[in-house]
Every structure is written in C-alpha cells, then in structure tokens.
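Take a look at the structure set out below.
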Amino acid sequence: MLRPIELSARAEALQPSLTLAIAARAKALRADGQDICSLSAGEPDFDTPAFIRQAATAALEAGHTRYGPAAGEPALRQAIAAKLSTENQVPTTADQVLVTNGGKQALYNLFQVLLGPGDELLLPSPYWLSYPEMAKLAGASVRLIPSAAADGFWLDPHQLEAAITPASKLLVLNSPSNPTGMVLALEDLEAIAAVLRRHPQVAVVCDEIYEFLLAPGLTHHSFAAAAPDLAGRIFTVNGFAKGWAMTGWRVGWLAGSQPVIAAASALQSQSTSNVCSFAQFGALAAISGPRDCVLEMAAEFSRRRCLLSDGLMGLEGLALVPPQGAFYAFADISSKGLDSMTFCNRLLEEQGLAAVPGVAFGDDRCIRLSCAASPATIKDGLARLGQFLASP
Ligand SMILES: Cc1ncc(COP(=O)(O)O)c(C=O)c1O
C-alpha cells in the first residue's frame, strides 16, 4: 500500500481561499441548471481596453517571448516609477520598482523578505483574506487591530498605537479597502504617520490596488506622499487588475526602499522569474496611456456601488456602512441570528444568491457583496437577499 505523502506544517496551516470556494460552488450549481445570481466576484466584468490588448499582441508578434529581467522590463519599471512620482507624488526611481505577478505576488515577496519567526504583522480588521495567510507563510504572527461598523471601519490611531509591540514589523494599510470600501482620508494618514514616527521598527505596506475606484469627490492619497519623512519604510503595492480590468494578465508592482526591492527581486529570480514578457508590454501601454478608460470604468462602478448600497440600506434586517471605494459592500447581517458562513450557505441554497461570508475577512457578523456585476444582476441579487432576510 502507498504511504500517504505528508504535507509540510506550512501547507497544513494554510487556509484555502473561501472566496474562490464560494465562486466554484456557485458555478457548479449553475452548471447543474440552477438559477444562480452571483455577487461574489472580485474582478471587473469589463474586457481589458483594446489598445492594451493590441500592445500585448504586437509585443508577442515582435518576438517578446523569451526570459526577461527578473525584476521586470526596464521600460515598465521606469513607467511605474514615473506614475508613482507624478500621479501619486511619491518620488520613485526605476530601481525601486519590482514588477510582480499581480499585486498578490508583490505582497507575498515583501512579506517573505521582511517577516520571519518572532515578527508580527499589524493588520487592521476586517482585512483582505490573503494578508494573514501570507504572514503565516513567512513564519510571522498576526496582530489584529479591530474596527467596527459603528465607527465606519475606521482605523483608530490610538488603537494602532496600543497594538504596537517591539515585535511589530509591518503594518498593512489597504485603501480603498476590500472588503469594507473604507477610504483613508489625508487626515487619517497623517494621524497614522504621527503614531509610526514613535515606532521606528514598524514598516508599512500600502495596498493601493483599488486606487482608481473611488466614490465621486474623493481623492486617493498615497501614504508615502502624506508622510515623505517615512518614505524609507513605506512600501506601495499596486497593479493593473482592478483599475485597467486586467485580472488575468497577472501584472502588479512593489515599490519602495531599493535594498528591500533588490531582496524581493532576488526572491523572485529564484521562484517565478520574470512576469509574462508580452503581458508586461500590455501593462506598459496601459500605464503610459490616457486614463480615460480607467475613469470610465470607475464611474460605472460608482453608479453600481450606489445601486448596491442604496438597495442594501433599503432592506429590513441589515445594516451597512456605505462603501466609499473599491467594488464591495460589507453588510451586517447579524440580526438574522446566523453566523456568516451559515447565512451564505443558506442564501445560496434557498435563494440562489452567492455572497462571501465575512468570517473570511475577520468579521462573522457581515457578508461581502460585490457590485462588479451588471445593474440587472445587482437588482436581482438585492431582491433575493430581501426575500431571504424576510424568510423565517
Ligand atoms: C486588497 C487586495 N489586494 C491585492 C489583490 C491582488 O490583486 P492582483 O490580482 O493584482 O494579484 C486583491 C485582489 O482581489 C485585493 O482585493
């Protein structure tokens, strides 16, 4: 008889992504012929703009099909540095940029080169579900800094200060936030910077992947621009997935202090090597091109965000902090008396609506609904959720 292969302790401790599991379940039910409505998606439902697709096709035809530099195509690193310097007011040189396999690998690489056993990740909660798993994979522990719906999921600087210990090595800021849609204002960033000036051992990673997806009238502020004196320990993560509708292309970046970028680049050279060469040329066209397409998609997401949040606020038995950015609403369903997993399982079984349980994001009172769906799908989802809430 074959002896079962033992997994590493690292793999045993890993939680598979619940969002992907829910999406797979909804897909299976649909394939089974059931009438399923999904508000669980974490990706734009638009196609990548044509000029970006054409640039990648041209690069493929021009023979950009071989290994490239592990840190990324020089022209793309330069263009990302220029974007950060001019659009985000974060002065950056090309050697401070690493092109990664999506924002996810930027975070993964950074956690691997900064965190180890005995280190702590400071994580405002609710959080995007990959951060704690990536910290654990690096051998670090996670210290949550809870925030409540009653406070608009706002990160309280006093609570941040109280959470910091000598082992605290890295703080995550994610604005606009997945899952809450909370957006940090300039004053918030300044208050956080004031705390961090007293704790020089704490570096910061700012996940700005939803940078362009903001409610009308709001402005995105990069932390490194709000606190230039701390720029040496601030890392910016971003990518093409959400703003340019390029989720499948897998192109993102990590920017910050050059020695850390060099270490992350060395890690990448020993793990995945360069990001797909011709995809990088599509990304180069995207970042060098006009922002019209990005702003048009962002405006459509704002209309849908309003449709979803207005609809949710009209439902009996549900509470919502209206999201200010990204494309999610994180609604409190605790009045139904069910934990978020049971709620979502029953919602899918009884009403055919797929949503993501808040427990995956550190808050079991909530569920996450996405507005990255057509207005008709959002209205259909709202009707199904209303029926579920009204049912015994
Ligand atoms: C907060 C957050 N950060 C990073 C990512 C990763 O994005 P990418 O597709 O560029 O890897 C996601 C994707 O859902 C996200 O929600």
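In terms of modelled amide H atoms, which long-range or inter-chain residues lie less than 5 Å from the amide H of Gly239?
Trp253
Under the rule a/c < 1.5 gives rounded, and otherwise a/b versus b/c splits prolate from oblate, where does segment 94-180 land using the Cα gyration tensor?
Since a/c reaches 1.5 but b/c is at least a/b, the shape of segment 94-180 is classed as oblate.
What angle do you read, to the nearest 10 degrees and between 0 and 90, between the alpha-carbon axis of helix 340-351 and the longest principal axis of the chain?
The two axes meet at around 60 degrees.
Is the shape of segment 26-143 best called rounded, prolate or oblate, per the rule: a/c under 1.5 gives rounded, else a/b larger than b/c gives prolate, else oblate, with a ≥ b ≥ c the square roots of the Cα gyration tensor eigenvalues?
It comes out oblate by the Cα gyration axes.
Amide H neighbours of Leu170 under 5 Å, counting only residues 5+ apart in sequence or on other chains, H built in-plane at 1.01 Å?
So Leu170 has HN proximity to Glu120, Leu122, Ala203.
Using the scaling law 2.2 N^0.38 Å as the reference, what is the normalised Cα Rg of the chain?
Cα-based Rg divided by the globular estimate yields 0.98.
Assign unit charges at the C-beta atoms only (+1 for Lys and Arg, -1 for Asp and Glu), then state the dipole size of segment 63-288 relative to its Cα centre in Debye, rounded to the nearest 20.
640 debye
Magnitude of the Cβ-charge dipole of the chain, K/R +1 and D/E -1, about the Cα centre, nearest 20 debye?
The dipole of the chain has a size of about 660 debye.
Of all the Cα-Cα pairs you can form in segment 63-288, what percent are over 27 Å apart?
Percent of Cα pairs beyond 27 Å in segment 63-288: 28.
Using Cα pairs under 8 angstrom and six or more residues apart, how large is the relative contact order of the chain, in percent?
Contact order relative to length: 24 percent.
Count the net charge of all other residues whose Cβ sits under 11 Å from the Cβ of Ala23, scoring Lys and Arg as +1 and Asp and Glu as -1.
+2
With angles folded into 0 to 90 degrees, how steeply does helix 258-269 sit against the dominant principal axis of the chain? Use alpha carbons for both and round to 10.
70 degrees
If each residue of separation counts as 0.36 nm, what is the full-extension length gain between Ala11 and Arg291 once their alpha-carbon separation is subtracted?
Length gained, Ala11 through Arg291: 96.7 nm.
Expressed as a rounded percentage, what relative contact order does segment 40-157 have, with Cα pairs under 8 Å and six or more residues apart?
16 percent
Looking only at segment 63-288, where both bridge partners belong to it, what percent of the DSSP beta bridges are antiparallel (to the nearest 5)?
So the antiparallel bridges amount to about 30 percent of the total.
Take the alpha-carbon centre of segment 265-343, take the same for segment 1-21, and report the distance between them in whole Å.
A separation of 28 Å, based on Cα centres.
Would you please give the FRET efficiency between Leu218 and Arg66, computed as 1/(1 + (r/R0)^6) with r the Cβ-Cβ distance and R0 = 35 Å, to the nearest 0.05?
Rounded to the nearest 0.05, the efficiency is 0.25.
Where both partners of a DSSP beta bridge lie in the chain, what percent of those bridges are antiparallel, to the nearest 5?
Antiparallel bridges make up about 45 percent of those DSSP assigns within the chain.
If you average the sequence gap of Cα pairs under 8 Å that are 6 or more apart and divide by the length of segment 63-288, what percent do you get for the contact order?
That works out to 29 percent.
Would you calculate a helix-derived [θ] at 222 nm for the chain, using -39,500 (n - 2.57) for each DSSP H run of n ≥ 4 and dividing by the full residue count, to the nearest 500?
When only DSSP H runs of four or more count, the value is -13000 deg cm²/dmol.
Scan around Ser175 for amide H atoms under 5 Å from its own, H built in the peptide plane at 1.01 Å from N, and keep only partners 5 or more places away or cross-chain.
Amide H to amide H, under 5 Å and 5 or more residues apart or across chains, Ser175 pairs with Asp207.
For the chain, find the longest principal axis of its Cα atoms and tell me its angle to the long axis of helix 277-288, 0 to 90°, nearest 10.
Compared with the principal axis, the helix lies near 80 degrees.
Of the listed peptides 196-205, 355-364, what is their order by residue-averaged count of other C-beta atoms within 10 Å, with the highest listed first?
355-364, 196-205
Which of the peptides 102-108, 306-312 is most tightly packed, and how do the rest follow, going by the mean number of other Cβ atoms within 10 Å of each residue?
So the order, starting with the most tightly packed, is 102-108, 306-312.
What shape does segment 187-306 have by the C-alpha gyration tensor, where a ≥ b ≥ c are the square roots of the eigenvalues, rounded means a/c under 1.5, and otherwise prolate means a/b greater than b/c and oblate the rest?
oblate
Every number in this text was worked out from the coordinates using simple rules, so none of it is lab data. No experiment lies behind these values; they were computed from the predicted model shown. Note that we place each Cβ from the backbone using ideal geometry, even for glycine, and neighbour counts take in every protein chain shown.
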